[in-house]
Structures are given as structure tokens and as C-alpha cells.
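No lab work stands behind these numbers, since they all come straight from the coordinates. A quick note: this is a predicted structure, and the numbers were derived from the prediction, not measured. With ideal geometry, Cβ positions are generated from the backbone for all residues, glycine too; neighbour counts draw on all protein chains shown.
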Amino acid sequence: MIPRSHRLRPVAQRILFAACLLLFAAVVAAAPLGDKPLFTIDEDCTAFAFSRDGRIAFAVHHVFSQHKFDLERDDFWISDAGHGKRKILNGEKLARGEGGFSYMVRTIRWSPSGRKLAAEVTTGAAAERHGDSTLSAQSFLFDVNGQEVKIADGDSFIPDSQNATWLDDDATVIYLESARPRREYTIWSVKPSVGHAERLFEDTYFLAAVWMEGGRRAVAVTSPEHGEKPRLVLLDLTKQAVTDLAPLDAYSSGLSVSPSGQKTAYFRDPGTLEWRIVAAPNTPHDVQALTGPYYWTRDEQHVLLKSGVERRSSVIQWLRLSDGTADELFHGLTFWNFAVSDDGRRIALSPPGKHIVEVYDLPEFQ
């Protein structure tokens, strides 16, 4: 007679096997990437960004000592889609003034042509005698050969600016300039070869702006005046024309535009992501989501979101905009930073610790 425990063993094995299959399927569904990255950038990267042709510009943490100060001036590199990398600019050479000038790169943006770049940096200058320092946000202009692009033979840094980008003519830069203490901005345009900066939309202050169509148009949120609500607007930067889209009950952060330009999204408050169809802007849609950096997926029905403080480690979720369903990606691992290519086909991930960058193919989300 076969012991009862032996008779039950095949059943238990089948149950265990079925459970393993379900677990495997769940893991695959939660992490739809290959086991190995397409390529890895084995450097301590402070920022990185895809070009339209798949190259990655990245900044590498660089600290050195000078005149009793520990200074940081990140180096700039370019990776040719896994076919090698090259340093284009040594940060130590970007000295400014007599004090201990430092900067850390926060974002990098390619020109539409892929020949020029603009980096948003946080700068600091330590005083030689007193050791104190001042911090400011600036934009740094350069090209893929590491040559500084100076404004009328002056400086390649634009003070008190952010969100700088090159237009598709490769000759004009647009950017936001800090205007008021309440996180408000003005929009400016400059041709470095000429040197004269021009303020666009002179009577308007903005809370945010996102450039579209090679910088010729933008979606923006105007700053509320005299108790009015902030307004979502469409800007034609060439004609300096403003098209009103809709009043907003509130705006917190994170304005973005989908790759097709048909949708726009933003955090209405730190726990709500609101999105609208540009052609029907008066009908808002919202989902519950904690604020953080995010990117649109190719289908424009989802976003990839890393909730929490920017440049702090957290999980990445794919968030379905129709109903707010959120699923963790990549086995629930945390990442310090990430970026998605313009065509939505690749994702670059930077884990905690030494901030290497791993690049994967990103499949369609269903």
C-alpha cells in the first residue's frame, strides 16, 4: 500500500509547478525587458539624455581640489548607441571668475539636428577669503565636439535660466528666466552669434513651458494675476501669438506634452496627475499619482512615472491614464534616474550607488 503522503506528492508537485508558472508570468509581465541591457555606460553619471538618432549625451561626476577648495565640474561625454563613448569636454577647463567655481549638471538637451547641446546646471562660487558660496541655476551651451558656444564672444553660460533648448535652425536658443520669488518665469530668445537676448510675450509671466516642434511652439501655464486662475495656453514663438486653451483650478508641477502633441499633462497637486486632449482642452481627466518625473509611452495611453523627489531612488511604474492602474516595472527595483528616447523605444536606467546607465529596448505597453 502506498503511503498517503506519497499519493499526495504528485498533486503537490503539480500545484507547485503551476504556482511557479504563475509567478514567472507575473515577473515577466512586471518587467518586460531583456535580462541583459543593450549596453552599459560604466561611469558615475549625473545626467543623461537621448538624441533623436539614439546617441546619449551624459555628464560624469568630477571633483577635484583647487586653492584649498573641493570643486565639482562635471565632464561631458557622448555614447554612440553602444559603439563606444568619448569625452568631449573636461569640466576642469570651465573656470569662471576668481573664486572656486563649481557646477553640477541636472539635465541635458540635444538640438533637433543632434549637433549642439544645452545643459542645465546648478553653479556655485566659493569666496576665497570667507569660504561662503552662492548657488544659481544656469544654462551652458556647447556642441558635440565640446566647443563652448559663446553669446557674442562673451560667455557660454546664461545666468538665472533653465529649460534652455536649441531651435531647429541650430542658431537660436530659447529659455526660461527666473523673474519673481514665487517660481515664475519669463521666456527669452537669443542668437549666440548676435548676442542680443529678446524677451518674448513681454506682458506675461509663466509657471512652466514645454517646447514643441523644434522649439517653434510651446504649451505653457501662465501665472495667475489679480486672483485669476492659471491658464493653459498654446504659444507660437515665431509670431508671439497666444492661444488660450483652458483655465486650471490648480497647477503644481510637471507640465509635459505627448510625442504627437495631442495631449498634455501636469500635476494639479502633489497627488493628482491631470491630463487633457489639446483639441478638447476644457475636459480634464485625472488619475491619482504621487508627483515625480515621468515620460509618455509610444501609445500615449500610459506614462512611465518615478514618484518622489527628483534624483532620489524610487520604483518606476507604468500608469494607465484611462483608469489610474499602476504596475511596478523592473521587478520593483529602485532607480535614481531614468530617461526615455524620443521615439519611446528605449529606456536608460540609473540605479542607486555609482550611477551607471543601463539601456534597454522598451516594448509597447498594452
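Descriptive notes on the structure:
- Translational diffusion coefficient (Stokes-Einstein; Kirkwood radius from C-alpha pairs) of the range 154-203 at 10 °C, 1.306 mPa s, in µm²/s: 139
- Taking only the Cα atoms of the range 143-247, the radius of gyration and Dmax are 14.4, 49 Å.
- Per residue of the chain, the DSSP helices (runs of n ≥ 4 H) give a summed -39500 (n - 2.57) that works out to -2500 deg cm²/dmol at 222 nm.
- Amide H to amide H, with H built 1.01 Å from N, residue 164 comes under 5 Å of 176, counting only residues 5 or more places away or on other chains.
- When you filter the trypsin sites (Lys or Arg not before Pro) in the range 325-366 for DSSP loop state and at most 13 other Cβ atoms inside 10 Å of their Cβ, you are left with 354.
- Backbone geometry of the range 261-266 corresponds, through the Karplus equation with coefficients 6.51, -1.76 and 1.60 at θ = phi - 60°, to 3J(HN,Hα) couplings of x, 8, 10, 9, 9, 6 Hz, x marking Gly and Pro.
- Trypsin sites (Lys or Arg not before Pro) restricted to DSSP loop in the range 227-301 with at most 14 other C-beta within 10 Å: 239
- Cut-off under 5 Å, modelled amide H: who pairs with residue 289 long-range: 272, 273
- Binned Cα-Cα distance frequencies in the range 37-166 - 10 Å width, integer %: 13, 44, 31, 10, 1
- Once the Cα gyration tensor of the range 240-348 is diagonalised, semi-axes √(5λ) in Å: 24, 15, 13
- Candidate values (i) 41, 28, 19; (ii) 45, 25, 23; (iii) 141, 18, 11 were compared with semi-axes √(5λ) of the Cα gyration tensor in Å computed on the shown model; the agreeing label is (i).
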